1. Taking the condition in contact with a Gly (Cβ under 7 Å, 6 or more places away or on another chain) and either among the hydrophobic types (A, V, I, L, M, F, W, C) or surrounded by fewer than 18 Cβ atoms within 10 Å (Cβ to Cβ) (or both), does B:Thr112 pass?
2. Could you count how many residues in region A:133-168 are touching a residue at least 12 places away in the same chain (Cβ under 8 Å), assigned to a helix (DSSP H, G or I) and either polar (S, T, N, Q) or farther than 26 Å from B:Leu124 by Cα (or both)?
3. Is there any pair linking a residue in region B:96-107 that is closer than 17 Å to B:Ile15 by Cα and in contact (Cβ under 8 Å) with a residue 40 or more places away in the chain to one that is open to solvent by 60 Å² or more (accessible area, probe 1.4 Å) and not in a loop (DSSP other than H, G, I, E, B), with Cβ under 8 Å and at least six apart or on different chains, and which?
4. Examine region B:89-105 for a residue that is aromatic (Phe, Trp, Tyr) and over 15 Å from B:Ala21 (Cβ atoms), and state whether such a residue exists.
5. Only one of these conditions is not met by A:Lys125: (1) open to solvent by 60 Å² or more (accessible area, probe 1.4 Å); (2) within 16 Å of the chain's Cα centre (by Cα). Which number is it?
6. For the structure I just gave you, tell me whether B:Ala59 is out of contact with any Cys (no Cβ under 9 Å at 6 or more places or on another chain), more than 30 Å from A:Gln106 (Cα to Cα), in contact (Cβ under 8 Å) with a residue 24 or more places away in the chain and open to solvent by 10 Å² or more (accessible area, probe 1.4 Å).
7. Residues being of a type in the set (A, V, I, L, M, F, W, C) and at the interface with another protein chain (Cβ under 7 Å from one of its Cβ atoms): count how many of those fall in region A:126-152.
Protein chains: 2
Amino acid sequence: MLSIYDATIPPLKRILTNLSAILKKAEAYADTKKVEHHVLLNARLFVDMYPLTRQVQIATDMSKGAAARLAGAEIPKYEDNETTFAELQARLAKTIVFLDSIKPEQLVGSETREITIALRNTDLKFSGQDYLLKWVIPNVYFHVTTAYNILRHNGVELGKQDFLGPRN
Amino acid sequence: MLSIYDATIPPLKRILTNLSAILKKAEAYADTKKVEHHVLLNARLFVDMYPLTRQVQIATDMSKGAAARLAGAEIPKYEDNETTFAELQARLAKTIVFLDSIKPEQLVGSETREITIALRNTDLKFSGQDYLLKWVIPNVYFHVTTAYNILRHNGVELGKQDFLGPRN
């Protein structure tokens, strides 16, 4: 058996920490190439896909939403107005601080908590367990991987170890 | 609390099923555009990234490895010689059959099982829980997302719902 806490908070914290390190490499790459930062921040893999900045925003949204909803806490509100690497780093940092503020006991029993997500046209209802396994985890990894892929496609030197994080 | 089975087998089965549907759309797209299938099968996002076929091979490798190692069963051996959409579909299908063959009781207690992964230069040792959360899940979503991104980048009409699968 796994606790919901162990399956939620440390993995989210870990992948956001890795994303932060990936973005530092991206910023250094832009500087080395003497490219304006907004070129990478607005890069996307196809015309109707989200750019890098939005990928980071969604990965953090999903993470704070998961921690708050499973703990029955209020979801921190962000303004979604980041336009620089520094602002994205600040967003990642405050999300990690929020994840750290959640105590394991707050998530006890949350696997059966009813979770409702309001989408544009519909509400999605999940048990806490389904919310975590079918929504949060795939979505967060999707957006962090897409951020990684946008940067790799633009030549930033990254390897899968940057995505997975330090072996320990 | 979550069972290791619930956190492993249904999510892997779900994402591989979604990948199968995504590849069907990719094949149909190639046919509509009158493009040889190998163009998509060998497409990659950057020169030193793996192409689509390899992404599918790794996602399935990670999945069969996870199910077998956590269950203490033998890992099915594949020849890794797929060169067509039909062969990739067969690989996904047989991986799903293998996941289906694993019984929940085979995974009971596997969170503390010692798992060793032999990499090129080193062995990685994990508890079953860390193997699942720090290795299998991030890796599988990484490779399925990258397959999706390769196809999106090449114009295949997909949305995140194709990645997440049916809402139920």
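1. Answer is yes for this residue.
2. Qualifying residue count for the region: 11.
3. What qualifies is B:Ile96/B:Lys13; B:Ile96/B:Thr17; B:Leu99/B:Lys13; B:Asp100/B:Lys13.
4. Residues of region B:89-105 that are aromatic (Phe, Trp, Tyr), as a first pass: B:98.
With the extra rule that they be over 15 Å from B:Ala21 (Cβ atoms), the set shrinks to B:98.
Yes, region B:89-105 contains at least one residue that is aromatic (Phe, Trp, Tyr) and over 15 Å from B:Ala21 (Cβ atoms).
5. Failing condition for A:Lys125: (2).
6. no
7. Let us first name the residues in region A:126-152 that are of a type in the set (A, V, I, L, M, F, W, C), namely A:126, A:132-133, A:135-137, A:140, A:142, A:144, A:147, A:150-151.
In the following step, the residues that additionally are at the interface with another protein chain (Cβ under 7 Å from one of its Cβ atoms) were identified as A:133, A:137, A:142.
The total comes to 3.
Conditions (1) open to solvent by less than 20 Å² (accessible area, probe 1.4 Å); (2) aliphatic (A, V, I, L, M), marked per residue:
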{"site": "B:Ala43", "(1), (2)": "yes, yes"}
{"site": "B:Arg54", "(1), (2)": "no, no"}
{"site": "B:Gly65", "(1), (2)": "yes, no"}
{"site": "B:Arg69", "(1), (2)": "no, no"}
{"site": "B:Asp80", "(1), (2)": "no, no"}
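The values are calculated or read from the model by the stated rules, or taken from the named source; none is laboratory data. Keep in mind that what you see is a predicted model, and the values were worked out from it rather than measured. Cβ atoms come from the backbone with ideal geometry, glycine included; neighbour counts cover every protein chain shown. Just so you know, the surface numbers come from the protein's heavy atoms only, side chains and all, with ligands and any DNA or RNA stripped out. Shrake-Rupley method; radii C 1.70, N 1.55, O 1.52, S 1.80 Å.
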